[in-house]
Every structure is written in C-alpha cells, then in structure tokens.
C-alpha cells in the first residue's frame, strides 16, 4: 500500500516588502566611470548589462531540447 502526503503553504505578505512601483534597491546616480565604460562597450559593439540583448532573448525563449 502506498501513502501520499500533500503539504500546502500559505504565503503571507510582509508589510515591509516593496510595494508595486517601488524599487527594492535604491540606485544612486550612475558613476562617471560606469557611464564611460558603457559608451566604450557600445562603441565596440559589446553587450552592456541591463540592456536588451536579442541573442539572449532568442536563446531563452526556445525549448531546451528541440524536437522533444
């Protein structure tokens, strides 16, 4: 005889959690060195963190095992 047990967890919102539209991390103004690096990377055709990447989007949108 096989016995099956199911556990259910109810998530309760935390009052200190960020509300809709609020950022979880406050961002300071961009540092000049970062701005300069972004300009250099874009000029060289490199990817920049936080920017749209068409190749990455295509890779993550397809099935991990095509044909299965």
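The values are calculated or read from the model by the stated rules, or taken from the named source; none is laboratory data. As the structure is a computational prediction, the values presented were derived from the model and not from experiment. Using ideal geometry, Cβ is built from the backbone for each residue, glycine included, and neighbour counts are taken over all protein chains shown.
Selection of first residues in the range 29-45 that are surrounded by 11 or more Cβ atoms within 10 Å (Cβ to Cβ) and of second residues that are modelled with pLDDT under 90, restricted to Cβ pairs under 8 Å at least 6 apart or on distinct chains, gives the following pairs, ordered by first then second residue: 38/48; 41/47; 41/48; 42/48.
When residue 51 is tested against the conditions (1) in a helix (DSSP H, G or I); (2) under 21 Å from the mean Cα position of the chain (by Cα); (3) exposed (fewer than 10 other Cβ atoms within 10 Å of the Cβ), the lone failure is (1).
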